[in-house]
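Structure first, commentary second.
The values are calculated or read from the model by the stated rules, or taken from the named source; none is laboratory data. These numbers come from a predicted model, not from an experiment. Methodologically, a virtual Cβ is constructed for each residue, glycine included, from the backbone with ideal geometry; neighbour enumeration extends over all protein chains shown.
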Amino acid sequence: MKADHGNGHEPIRPLHQHQPPLNQLPEAGGRRTGAARLLGRLTLAAALLSLAGCVPAAQRASGWVYPLHRHQPNDGLAVVNRPGGAGLHLWLDTDTSEPGRCSPRWNPDAARLRAGNGPRPSSTGRASRQEFYDAMALGPVRWQLRRQFAALCRQRAPGSRFVWLEPPRRAEDYRPAPYPMVEGRNLLSNPKAVLRAEKRLLGQPIAPEDFENEEPPPVPPGP
């Protein structure tokens, strides 16, 4: 394409004709100029991309982070941090021990994720706690966790205020939240309910008095 000389303007020349060679770029205070630093960064990025391209896709972790529920929506998160779709299945629980407040209850014992890149991910066994702490250092993981915990608190404690707590990133940072105290009466089955269950198993008729609820026997004293 020819430049138009009839409009009174200088023809457009390529930018490289106005730039001195890189080895003649001026320096200030012995430091490289911005153009040289940019060139170095581009060279490094190209080298990293070249190295990444040498690794087959099957041997690279996809880095996917997505909700993967356990019992109800928003109570689990999948983190694909290993090749072949393997990774972590984080189990999410809430702390509502303080009235009017709902916050994350951190559990560093994540399950081992399987087939995380496919349509039917699953989990089994337990991953190491160090993998959990390493995952907590990733911004996309924390961002997704905050979204899910907020939604989980809306489900479990609609009238409570959601308070986000940063996850532990080291073993020494983990402080398990206390669970609500369970009284002895909650650990014992009602004798009437046990009797009714026995009669059903034996095929015996259940009398009206079998439905009369009564308190479980007191816990015997002593250690």
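Computed quantities for the displayed model
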{"read-out": "Test: residue in the range 155-168 that is in a helix (DSSP H, G or I), touching a Ser or Thr at 6+ places or on another chain (Cβ under 6 Å) and within 20 Å of HIS69 (Cα to Cα)", "value": "yes"}
{"read-out": "Filter pass, THR94 being farther than 20 Å from LEU152 by Cα and either out of contact with any His (no Cβ under 7 Å at 6 or more places or on another chain) or at pLDDT below 95 (or both)", "value": "no"}
{"read-out": "The one condition in (1) buried (at least 18 other Cβ atoms within 10 Å of the Cβ); (2) modelled with pLDDT under 95 that PRO83 fails to fulfil", "value": "(1)"}
{"read-out": "Answer from LEU138, LEU145, LEU88 - the residue that is surrounded by 14 or more Cβ atoms within 10 Å (Cβ to Cβ) and in contact with an Asp or Glu (Cβ under 7 Å, 6 or more places away or on another chain)", "value": "LEU88"}
{"read-out": "Filtered residues of the range 118-136 (kept if aliphatic (A, V, I, L, M) and modelled with pLDDT under 95)", "value": "ALA127"}
{"read-out": "Cβ-Cβ under 6 Å pairs, at least 6 apart or on other chains, the range 65-83 side at positive phi, far side crowded, with 17+ Cβ neighbours inside 10 Å", "value": "ASN74/GLN148; ASN74/LEU152"}
